[in-house]
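Engineer: Before I ask anything, here is the structure I am working with.
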Amino acid sequence: MTFAPPLELPGWRHTYSGKVRDLYVPADTRDEAAPARLLVVASDRVSAFDHVLSPGIPDKGVLLTTLSLWWFDQLAGADGGRGIPNHLASDDVLEGDGTAELIPDAVQGRAMLVRSLDMQPIECVVRGYLTGSGWAEYRAEGTVCGIPLPEGLEDGDRLPEPLYTPAFKAPMGEHDENITFERSVELVGAETAAALRDASLEIYRRASATAEAHGLILADTKFEFGFDAEGVLTLADEVLTSDSSRYWDAEAWRTGTTPAERMASFDKQIVRNWLADNWDKQGEPPALPAEIVERTRERYATLLRLLTAS
Ligand code: ATP
Ligand code: MG
C-alpha cells in the first residue's frame, strides 16, 4: 500500500494515517498517546475490501467531511437536547470564529478539529437491510453475525428489525472481523458493549428517519465511539457518510425488480462491484478506470445534495 506522504501542516505534527484519514497532533504535543486535540484530515483515498485503491476520488475528502459535520449537527440537536455527544472540538469549527484558525488553509473543508478520545476497538455496524457480507452469511447459514433470521429473504430485503452486528477493529493492514455481541462483551466489558449497541441502534433509528424524509434508505452503517476525558461515550470518526454507510434510492427500492434496480446506491458500491468483477483478491488491486472514478464522485456529491437539501 503506497500513500502520498502526508502534508506538512503548520502547527501540527503528523502522527498516523488510516486508509482514508491522516491524523495530526498539535506540534507542541509531548505525549503522543494523549494529545488534547487531533486534526482529522480526510483524503481523497478510497478503500474497498480493506485495500486502498488508486487513483483517489476527486473531492471525496471534502464531501465526506461536509457530510459528517452535517450529520453531527443533526444528531446533536435532535430530540429537544437529548443529543448524541460527538468528538468535534467546537460547534463553530465551520463558522471560522477562533477554532477554524487552527485548521490550516491547505486542508480547509476536509479537516475536523476533534477531541482526542479513548477509542473503543469495535466497529459498531447496524444493518436495517440484508446485503453485502450479511447477505453472503445469510445465504450460507441463515444467520447474520450468528443471529438467526427468517427464511426466504432476498438480497436487499428489509430486516424484521435493525440488527447490531459489531466487528473487531483490526490493526492497520489486517481485516476487520465480524464478531458476536458476546465477543464484544469479552473485548470491552458488558457495560461498554451494551452502551455501544444501544447508542448505535438509537443513532441508526434517528438517521434512517432523516434519510427517509429525503427519499433515501439507510441500508446499513458503521459507527466508531470513544470515551472523552470525563468518561462520556462519544461518537467519533466520520459518521453516516457514503464511505461508512450504504444509501439507496427509496423509490427505486420499492419499484425495482432486480437487486441492481432495487439497490440504486449513493455510496462506494460501484467501486466494490467493479473490483469484484475485475480482481481475484490476490495481490494488489488493479487501478480504477476513469469512468468508475467519475461515477463514484458523482454519487457521493449527489448523496450530499439529496440529504442536505431542505
Ligand atoms: P485504521 O485506523 O485501522 O487504518 P481506517 O482505515 O478506518 O482504520 P481512517 O478512517 O482512515 O482509518 O482513520 C481514522 C482513524 O482515526 C481511525 O483509526 C479512527 O479510529 C481514529 N479516530 C477518529 N476519531 C478519533 C478521535 N476523536 N480520537 C482518536 N482517534 C480517532
Ligand atoms: Mg475509518
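Engineer: Under 7 Å between Cβ atoms, at least 6 apart or on separate chains: pull out the pairs that start in the range 220-242 with a residue that is among the basic types (Lys, Arg) and end on any residue that is more than 10 Å from ligand 1 (Cβ to nearest atom) and open to solvent by less than 10 Å² (accessible area, probe 1.4 Å).
Structural biologist: Matching pairs, first to second residue: Lys222/Cys124.
Engineer: Can you tell me how many residues within the range 124-143 are touching a Ser or Thr at 6+ places or on another chain (Cβ under 8 Å) and surrounded by 22 or more Cβ atoms within 10 Å (Cβ to Cβ)? Step through it out loud before you land on a result.
Structural biologist: Restricting attention to the range 124-143, the residues satisfying the condition of being touching a Ser or Thr at 6+ places or on another chain (Cβ under 8 Å) are 124-128, 134, 137.
Restricting the remaining residues to those that are surrounded by 22 or more Cβ atoms within 10 Å (Cβ to Cβ) gives 124-127, 134.
Residues that pass the stated criteria total 5.
Engineer: Restricting the search to the range 1-33, which residues are in contact with a strand residue (DSSP E or B) (Cβ under 9 Å, 6 or more places away or on another chain), of a type in the set (A, V, I, L, M, F, W, C) and within 12 Å of ligand 1 (Cβ to nearest atom)?
Structural biologist: Result: Met1, Phe3, Val20, Leu23, Val25.
Engineer: Further, regarding this structure: For the range 243-255, give me each residue that is more than 17 Å from Leu75 (Cβ to Cβ) and either within 16 Å of ligand 2 (Cβ to nearest atom) or not charged (D, E, K, R) (or both).
Structural biologist: So the first thing to find is which residues in the range 243-255 are more than 17 Å from Leu75 (Cβ to Cβ), and the list is 243, 246, 248-255.
Asp243, Arg246, Trp248, Ala250, Ala252, Trp253, Thr255 - these are the residues of the range 243-255 that are more than 17 Å from Leu75 (Cβ to Cβ) and either within 16 Å of ligand 2 (Cβ to nearest atom) or not charged (D, E, K, R) (or both).
Engineer: Out of the residues in the range 175-194 that are of a type in the set (Gly, Ala, Ser) and in contact with a helix residue (DSSP H, G or I) (Cβ under 9 Å, 6 or more places away or on another chain), state the one that is most open to solvent (accessible area, probe 1.4 Å). Spell out the reasoning first.
Structural biologist: Pass one, the range 175-194, residues of a type in the set (Gly, Ala, Ser): 184, 189-190, 193-194.
Next cut, in contact with a helix residue (DSSP H, G or I) (Cβ under 9 Å, 6 or more places away or on another chain) only: 184, 193-194.
Working: Ser184: 1, Ala193: 1, Ala194: 27 Å².
Filtering the range 175-194 for residues that are of a type in the set (Gly, Ala, Ser) and in contact with a helix residue (DSSP H, G or I) (Cβ under 9 Å, 6 or more places away or on another chain), the one most open to solvent (accessible area, probe 1.4 Å) comes out as Ala194.
Engineer: Is there a residue in the range 163-186 that is outside any loop (DSSP other than H, G, I, E, B), away from ligand 2 (no atom under 16 Å from the Cβ) and over 22 Å from Asp118 (Cα atoms)?
Structural biologist: Yes, that holds for at least one residue.
Engineer: State whether the residues of the range 210-232 include one that is part of a helix (DSSP H, G or I) and crowded, with 22+ Cβ neighbours inside 10 Å.
Structural biologist: yes
Engineer: Might you check whether a residue that is within 16 Å of ligand 1 (Cβ to nearest atom), at pLDDT 95 or above, of a type in the set (A, V, I, L, M, F, W, C) and closer than 14 Å to Leu233 by Cα occurs anywhere in the range 180-196?
Structural biologist: Yes, the range 180-196 contains a residue that is within 16 Å of ligand 1 (Cβ to nearest atom), at pLDDT 95 or above, of a type in the set (A, V, I, L, M, F, W, C) and closer than 14 Å to Leu233 by Cα.
Engineer: Condition first: within 16 Å of ligand 1 (Cβ to nearest atom) and assigned to a strand (DSSP E or B). Now tell me which residues in the range 113-162 satisfy that.
Structural biologist: Leu113, Val114, Arg115, Asp118, Met119, Ile122, Glu123, Cys124, Val125, listed by residue number.
Engineer: Something else now. Condition test on Leu235, is it assigned to a strand (DSSP E or B), touching a Phe, Trp or Tyr at 6+ places or on another chain (Cβ under 7 Å), at pLDDT 95 or above and within 16 Å of ligand 1 (Cβ to nearest atom)?
Structural biologist: Yes, satisfied.
Engineer: Can Ile57 be described as modelled with pLDDT of 90 or more and more than 16 Å from ligand 2 (Cβ to nearest atom)?
Structural biologist: Working: modelled with pLDDT of 90 or more: yes; more than 16 Å from ligand 2 (Cβ to nearest atom): no.
No; evaluated as a whole, the condition is false for this residue.
Engineer: When only residues in the range 259-310 that are in a helix (DSSP H, G or I) and of a type in the set (Asp, Glu) count, which is most open to solvent (accessible area, probe 1.4 Å)?
Structural biologist: Start the filter on the range 259-310 by keeping residues that are in a helix (DSSP H, G or I), which leaves 259-262, 269-278, 290-308.
This time we only want the ones that are of a type in the set (Asp, Glu), so: 261, 277, 291, 294, 298.
On the way: Glu261: 91, Asp277: 128, Glu291: 111, Glu294: 91, Glu298: 82 Å².
So, considering only residues that are in a helix (DSSP H, G or I) and of a type in the set (Asp, Glu), the one most open to solvent (accessible area, probe 1.4 Å) is Asp277.
Engineer: Then there is this: Just to be sure before I move on: is Pro259 out of contact with any strand residue (DSSP E or B) (no Cβ under 9 Å at 6 or more places or on another chain) and under 29 Å from Val52 (Cα atoms) in the structure I sent? Step through it out loud before you land on a result.
Structural biologist: Working: out of contact with any strand residue (DSSP E or B) (no Cβ under 9 Å at 6 or more places or on another chain): yes; under 29 Å from Val52 (Cα atoms): yes.
The answer is yes for Pro259.
Engineer: Would you check if Arg246 is outside any loop (DSSP other than H, G, I, E, B), loosely packed, with under 15 Cβ neighbours inside 10 Å and in the same structural domain as Leu130 (by the TED database)?
Structural biologist: no
The values are calculated or read from the model by the stated rules, or taken from the named source; none is laboratory data. Note that the structure is a prediction, hence the values are computed from the model and not measured. Methodologically, a virtual Cβ is constructed for each residue, glycine included, from the backbone with ideal geometry; neighbour enumeration extends over all protein chains shown. The area values use the complete protein model at the heavy-atom level, side chains included, leaving out ligands, DNA and RNA. Shrake-Rupley method; radii C 1.70, N 1.55, O 1.52, S 1.80 Å.
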